[in-house]
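Okay, structure first, notes after.
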Amino acid sequence: MVAKALGLEWRFNGAISMPHEMLGFIDAGGTYHRTPFRDCYEHGGVYCFDEVDRSDAVALLAVNPHLANGIAQFPDGQIHRHKDCIIIGTANTWGLGADANYSGATKLDDAFMSRFPIRINWDIDEKLERDICGNVDWACRVQKARAKARAAGLKVMIDVRMSIAGAALIANGMDSDEVASMTYLANLKPEQRTIVGG
């Protein structure tokens, strides 16, 4: 939506494990293989580096110069950063490493993190959740359970996908209590179920 609002192309990648996934590579025949990151860097656009906290830290360090400078090295030469190249990193953590919910997250190097000095805590948009899930009553039930879990300090995941999946099950004739036990209550311990409510 940022790209659309700015009239720019949108590109993205998920977690990376090797630098060539961002920078591209030259094959044995001498042909350079471009990446969406390179296209955005050279020609402009909004680039979303999604799941950045799931990436290999060494691979990320290879793009540090590209994030901080107006010119950077790619396998086929130095490229000037386009004036409309906007790079956004998204993650489920603040880059400090794994936590109770995101055990696969890695600790990001401070040199990489400093390239993203503006950070936004973007919580669930509950109105949007109600609008897209297809069942407002079910979404409200999930949202109440989420609020109770947060208030109690429980480290449990009750996200929008549970609203969407649960609404689909209810639409296909399942009882909402049974759906609750299969979605937001499924991974909870008995005492946690009592706290969030069925």
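The values are calculated or read from the model by the stated rules, or taken from the named source; none is laboratory data. Everything numeric in this text was worked out from a predicted model, so none of it was measured. Glycine gets a Cβ as well: all are built from the backbone with ideal geometry, and neighbour counts include every protein chain shown. Only protein heavy atoms, including side chains, enter the accessible area calculation; ligands, DNA and RNA are left aside. Shrake-Rupley method; radii C 1.70, N 1.55, O 1.52, S 1.80 Å.
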For the range 53-63, the count of residues that are open to solvent by less than 10 Å² (accessible area, probe 1.4 Å) and in a helix (DSSP H, G or I) equals 3
Any residue at all in the range 140-156 that's under 25 Å from TYR41 (Cβ atoms) and open to solvent by 50 Å² or more (accessible area, probe 1.4 Å)? no
If you go through ILE118, ILE124, the only one that is open to solvent by 70 Å² or more (accessible area, probe 1.4 Å), among the β-branched types (Val, Ile, Thr) and in a loop (DSSP other than H, G, I, E, B) is ILE118
Pairing a residue in the range 72-90 that is assigned to a strand (DSSP E or B) with any residue that is among the acidic types (Asp, Glu), where Cβ atoms lie under 6 Å and the two sit 6 or more apart in sequence or on different chains, gives ILE79/GLU42
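This table checks each residue for (1) more than 24 Å from the chain's Cα centre (by Cα); (2) of a type in the set (A, V, I, L, M).
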| site | (1), (2) |
| --- | --- |
| ARG146 | no, no |
| ASP159 | no, no |
| ALA171 | yes, yes |
| PRO190 | yes, no |
Counting only residues in the range 1-52 that are crowded, with 17+ Cβ neighbours inside 10 Å and on the phi > 0 side of the Ramachandran plot, the one nearest to the chain's Cα centre (by Cα) is identified as GLU51
